[in-house]
Amino acid sequence: MNVFYEEAGAFKIGAILADNTTSLQIEAAHGKRTKIKAGSILLRFEKPPLAEFMNHVQQLVNDLDPDFLWECCARDAEFDSSALAADYFGHSPSAIETAAILTLLHSAPMYFYKKGRGRYKAALPEALKAALASQEKKLRLAELQARYVEQLNAFTLPEEFKPHLPDLLYSPDKNTVEWKALDATCTTTKLSVLKLLEKCGAIPSSHDYHVNQFLQEYFPGGTDFGELDSENDLYDPLDLPVADITAFSIDDATTTEIDDAFSVTPLKLGSFRVGIHIAAPALGITAQSSIDQTAVERLSTVYLPGNKITMLPEAIINHYTLGEERLCPALSLYLDVTDDFTVIKTESRIERINIAANLRHDTLEKDFNESTIRENKLDYPYAKELLLLWNFAHKLEALRGKTNDINNEKIDYSFEIINDRVTIHERRRGSPIDKVVSELMIYVNTEWGKQLADADIVGIYRSQGGGKVRMGTSPSPHQGLGVSQYAWSSSPMRRYIDLLNQRQLIAMLRNETPPYTKESDGILIPMRNFETVYSVYSEFQRAMERYWCLRWLLQEDVHTVNAQVIKENLVRLDRIPLVIRVPSLPEILPGTNVELEISQIDLLERNLSARFLHKLEA
């Protein structure tokens, strides 16, 4: 005697070796012996032979139509599979016929719901229709995925992928058929999704890929300001006094947010007055205004080589930037300085100033440098003022205890990109231009921070102790700068922290109630968020500078470079701000100069391969 039974959701057959009423010992056709419960048995049979039974069953199942069976069975009640077999075949069913009906019922769960051993219930028409539609959709998706995989394996981008490329590149939904096709193709080609899409022509610009990746995450709504890019919402008092000075600014050639300018006015007995003039958008951008709300979301201008994403709309920048040949609203700090460069008096004012010139680094550097200062060449605009500020800056640097600061010898780099061609410029951090601007900015941020503290008005300060830089609402020393307190106030068009501090300073100078207290969300929330956002923006800038360094290596067809060992296998390349790892570098002391061979520059991964060649003589 043989049995047809159910085990672990599957139908099986076997010959009875022993029947113990509640359980049976059976032997399968291939010889395996098993103990099963009597309740698992669906039918017993003697013919056909065990080895042929399932083949006969499957042949009959192939001829059965689940749609017809569903039409034949009861709709509103459970039914027994044997009864359905009898109705279908019109006679008492054989073991093969009974097993065939059971097999089909079991394999068509959309049509028939299992209710017990050998018992089922027909699906409702609405449920069956939905299930069949779902199955049809799965089949179509499977066919579509197969077609996608075939095209991707041939490194052809399916046309249907194009509208979905931003999502596939930056924020993929792994349940989509497009992603599943990519994933399957990556398995066979051994490529990453990024490399596969690149080979399929989906990434025509590696530069745009990196920029769009950043925008997708941090500017999902885009970078445009829309209707805010106008001067309509500004409150800008026109009754400010006009200062009796002529000022000039010093900036990179591409700077449009000109936040600071300087003036020098002779006084008696060789003394003079230095004016540090800061653009004053806080005069017109009121707290909680629509422009302010956008600025507090961005918190800072984002910089990258050849481009930037401004914190404020272009119309607002144009209104407040310290552009040449204009009368501009400004917050000014005046310093009365003796002939030995000692500050004897300071005064802050809200006023309009005449900007006579916007000096640019690229042209000024040729005239105002250590060589021309040493040779006393003063045949260029504002030469006397710049020389005086240069000597004053030395005094300020000495007062901070930073005369021999090693940071003065560090090299800063600027990137100029014209028609997709990059030029990388070097400028020593302690150069005359850099020293004049940085010392005056340190002074104004230090002095205004002190004034806020003395007036018991809250401001946002940057402090440094133990190597860690922090932001807080209480004045604390900044050891790196050598000052007692430091409140960012000099870039209100580029940093939201400066804009907040400027509002507090304006209230102080007007003897008004400051807009913020130490408990104000308007000052605490931006301060808390700024460090995170500023870090993200800075990391993006460094990543894009790395990208353009790699582009420069390709552009200049560089195959060997000199570099300096930083530590272990980490080196810094000469002439460009690029730090890389060189796995083949032997144990060499930090500071040693080496020559490397460059190969396999990957602009998508922003990486390259470098091989150690030899040490360079000191």
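Read-outs throughout are calculated quantities, based only on the coordinates presented, and are distinct from any laboratory measurement. Quantities reported herein were computed from a predicted structural model and do not represent experimental measurements. Backbone-built Cβ (ideal geometry, glycine too); neighbour counts: all protein chains shown.
With neighbours defined as other Cβ atoms within 10 Å of a residue's Cβ, the residues Tyr320, Tyr148, Tyr534 order from fewest to most as Tyr534, Tyr148, Tyr320. For region 451-485 and region 1-74, what is the centre-to-centre distance using only Cα atoms, to the nearest Å? Taking the Cα centre of region 1-74 as reference, the centre of region 451-485 is 84 Å away. Applying 1/(1 + (r/R0)^6) with R0 = 30 Å to the Cβ-Cβ distance of His30 and Thr188 gives a FRET efficiency near 0.30. In order along region 510-527, phi translates into HN-Hα couplings of 9, 6, 9, 5, x, x, 10, 10, 5, 9, 6, 4, x, 10, 6, 5, x, 4 Hz, rounded to whole numbers, per the Karplus curve 6.51 cos²θ - 1.76 cosθ + 1.60 with θ = phi - 60° and x for Gly and Pro. Taken one residue at a time, the phi angles of region 303-310 give Karplus couplings (6.51, -1.76, 1.60, θ = phi - 60°) of 10, 8, x, x, 7, 6, 10, 6 Hz. Gly and Pro are set to x. The dipole here belongs to the chain: it is taken about the Cα centre, uses +1 on the Cβ of Lys and Arg and -1 on the Cβ of Asp and Glu, and is about 2100 debye. For region 49-189, a/c is not less than 1.5, where a ≥ b ≥ c are the root eigenvalues of the C-alpha gyration tensor, and a/b tops b/c. That puts it in the prolate class.
On C-alpha positions alone, give me the angle between the axis of helix 50-63 and the longest principal axis of the chain, in degrees, nearest 10. It works out to around 70 degrees. Relative contact order of region 367-435: 32 percent, from C-alpha pairs under 8 Å at least 6 residues apart in sequence. Label-to-label distance, Thr21 versus Lys115, with points set 7 angstrom from Cα along the beta-carbon direction: 3.1 nm. Under the criterion of Cα pairs below 8 Å and six or more residues apart, the relative contact order for the chain equals 8 percent.
In a DSSP loop and with at most 13 other Cβ atoms within 10 Å, the GluC sites (Glu not before Pro) in region 431-516 are Glu512.
Taking label points 7 Å from Cα along the Cα-to-Cβ direction, Ile525 and Asp557 give a separation of 5.7 nm. Helix 206-218 axis versus longest C-alpha principal axis of the chain: approximately 90°, rounded to the nearest ten.
Simple rule: put +1 on each Lys or Arg Cβ and -1 on each Asp or Glu Cβ in region 2-123, find the dipole, and look at Leu50, Gly116, Thr22; the Cα lying farthest toward the positive end is Thr22.
Under 1.5 on a/c is rounded, so check that first for region 504-618, then, if it is not, pick prolate when a/b is larger than b/c and oblate when it is not; a ≥ b ≥ c are the square roots of the alpha carbon gyration tensor eigenvalues. Prolate. Peptides 364-376, 538-550 ranked from most to least packed, by the mean per-residue count of other Cβ atoms within 10 Å: 538-550, 364-376. Phi angles of region 94-104 translate, via the Karplus equation with coefficients 6.51, -1.76, 1.60 and θ = phi - 60°, into HN-Hα couplings of 6, 4, 5, 5, 5, 5, 5, 4, 4, 5, 5 Hz per residue; Gly and Pro are given as x.
An oblate overall shape is assigned to region 275-332, the ratio a/c of its alpha-carbon gyration tensor axes (a ≥ b ≥ c) being 1.5 or greater and a/b not exceeding b/c. Computed over the Cα atoms of region 558-615, the ratio of the radius of gyration to the Kirkwood radius (Rg/Rh) comes to 0.93. Could you give the angle, 0 to 90 degrees to the nearest 10, between helix 383-399's Cα long axis and the longest principal axis of the Cα atoms of the chain? The two axes meet at around 70 degrees. Under 25 Å of direct C-alpha separation, and excluding same-chain neighbours fewer than eight residues apart, Lys615 reaches these lysines: Lys410, Lys567.
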